[in-house]
Amino acid sequence: MNTSHDSIETSMLRPAGLLLCLLLGSCAYPKNWQNATMPSNGPSPVLRALPVDGSGPLYNGAASMNVPTHATTLNDAARMLAGMDADGYDQLSGIRSSAAWQQHRQRLDVMWSTHENLHRGPIQSWAGSEIGDAQRASTLFYPFSGPDFLFASAFFPSAETYVLCGLEGADPMPQLGGLNSAEIENGLSRLRTTLSTSMQFSYFITTDMRKDLQATRFRGVLPVMMVFLARTGHTIDSVDTVRLDGGGNVTMAGSSGNTGLMIRARSGWGAQKRIFYFRQDLSNGGLSSSFLRFVQSFGRVPAFTKSASYLMHEGGFSKIRDFMLRNASVIVQDPSGIPYADFGRYGWDLSLYGNYQGTLEVFTGCQQPDLMQAYRNGRHPVKPLSFGIGYLFQPSNTSLMVARPR
């Protein structure tokens, strides 16, 4: 979401005294990644992609992100941020024994239980029934996502590669053992604030997220993504900084030239995952051709978007809108994504879900009377939804659109 809409997002959630605090191709690893050696004892190493000649790691940005260099330690850090006990030896027992972390765990347990009941469970049931064909794709493209692996994995749990992007940075992690009690308490508290809006309302408030995360030692998108991975049952194997060259190829990035992250993880049943996050301006003036080439390298894949500030309703975001309409195999979105009228112009078939009655008044000029009429006139199949999604987070007026090219 771009900064011009941040004030809209914030004001939208604060009427009537609403309390925000109650509320966030195949998996082809680079060549010879299997050559990573596994010691017979001690912590297992981060899975590294080795170059063909075996001379060293292809991706070595872990140092620039200050993340642990052993997979067991890295995953322990993710579980600590997620308010979860260690899976094995507790290497962060000092933090977990603090009153601040105990409170963090209790509150995140409640938030997660609420999220599973309101969103994750119903979404997974709906997606398995309605977009099973799209779920079989190996890659998901999720523009305007920010660090939202949470909903990407709910709608598309079987994807092997996720491509996320946003304007938020990928800042280094702190040395966890060097944090004092005040830094831990402040960091966990503000991290919870960011997580809570997504877990309960299904979207981030961009200005608040930036303010909360930049004001603590847990900065940028990485802590949020680590929490979502841990809470959804994933084990993180490695975190690396990456960038794209002019041809859209992923290359190594050290402390300079970092535009994104590549996280390797395994699902609860052992499936290998790659999650890419790129800091990418999607406006016409900021959208890079290398990023589009990277997305195209996966072929025609599903695209998912929600809570996108209606940016693709504006002329300044026509490139990413047209790119999705020309390249996606299926598009799953709420009404804040591509305008309803554009699907007809590009010859897409639509299925509608929920009960669209117009969007919030704060999004002046983004009402879609033609979409409201489409829900009433039987032009497209319409089915109910048992969950809310995006800005229209009440099930009674929420909307999802599933579009497929003819």
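Do any chymotrypsin sites (Phe, Trp or Tyr not before Pro) in region 84-133 lie in a loop, going by DSSP, with at most 11 other beta-carbon atoms within 10 Å of their beta carbon, and if so which? Could the numbers behind the result be given before it?
Values: sites: 89, 101, 112, 126; in loops: 89.
Here the sparse-neighbourhood loop sites are 89.
Mean separation of Cα pairs under 8 Å and 6 or more residues apart, divided by the residue count, gives region 272-406 a relative contact order of 25 percent. Rounded to the nearest Hz, the phi-derived 3J(HN,Hα) couplings of region 134-150 under the Karplus curve 6.51 cos²θ - 1.76 cosθ + 1.60 (θ = phi - 60°) are 5, 5, 6, 5, 7, 10, 10, 9, 10, x, 6, 7, x, x, 7, 5, 4, where x marks glycine and proline.
So which trypsin sites (Lys or Arg not before Pro) in region 322-394 pass both tests, a DSSP loop state and at most 14 other Cβ atoms within 10 Å of the Cβ? Answer in residue order: 379. A DSSP coil position with no more than 15 other Cβ atoms inside 10 Å describes the following chymotrypsin sites (Phe, Trp or Tyr not before Pro) in region 228-319: 269.
Please arrange 366, 165 by how many other C-beta atoms lie within 10 Å of their C-beta, fewest to most. If you can, show how the numbers build up before the last one.
Details: 366 19, 165 24.
Neighbour counts put them in this order, fewest first: 366, 165.
Residues 97, 196, 297 in ascending order of nearby Cβ atoms (within 10 Å, fewest first): 97, 297, 196.
Each of residue 138 and residue 379 was given a label point 7 Å from its Cα along the Cα-to-Cβ line. The distance between the two points is 3.8 nm. What FRET efficiency, computed as 1/(1 + (r/R0)^6) with R0 = 56 Å and r the Cβ-Cβ distance, is obtained for residue 271 and residue 181, rounded to the nearest 0.05? Here the calculated transfer efficiency is 0.90.
Potential lengthening of the chain between residue 329 and residue 106 amounts to 76.2 nm, from the contour at 0.36 nm per residue minus the alpha-carbon distance. All C-alpha to C-alpha distances of region 83-185, sorted into 5 Å bins beginning at zero, yield P(r) values of 2, 10, 14, 14, 16, 17, 14, 8, 3, 1 percent in whole numbers.
Charges only on Cβ, +1 for Lys and Arg, -1 for Asp and Glu: so what's the dipole of region 252-406 about the Cα centre, in debye to the nearest 20?
Numbers: 17 positive and 8 negative charges, 144 e Å.
Magnitude of the dipole: close to 700 debye.
Since every read-out is calculated from the coordinates, none of them should be taken as a lab result. A quick note: this is a predicted structure, and the numbers were derived from the prediction, not measured. All Cβ positions, glycine included, derive from the backbone under ideal geometry; neighbour counts span all protein chains shown.
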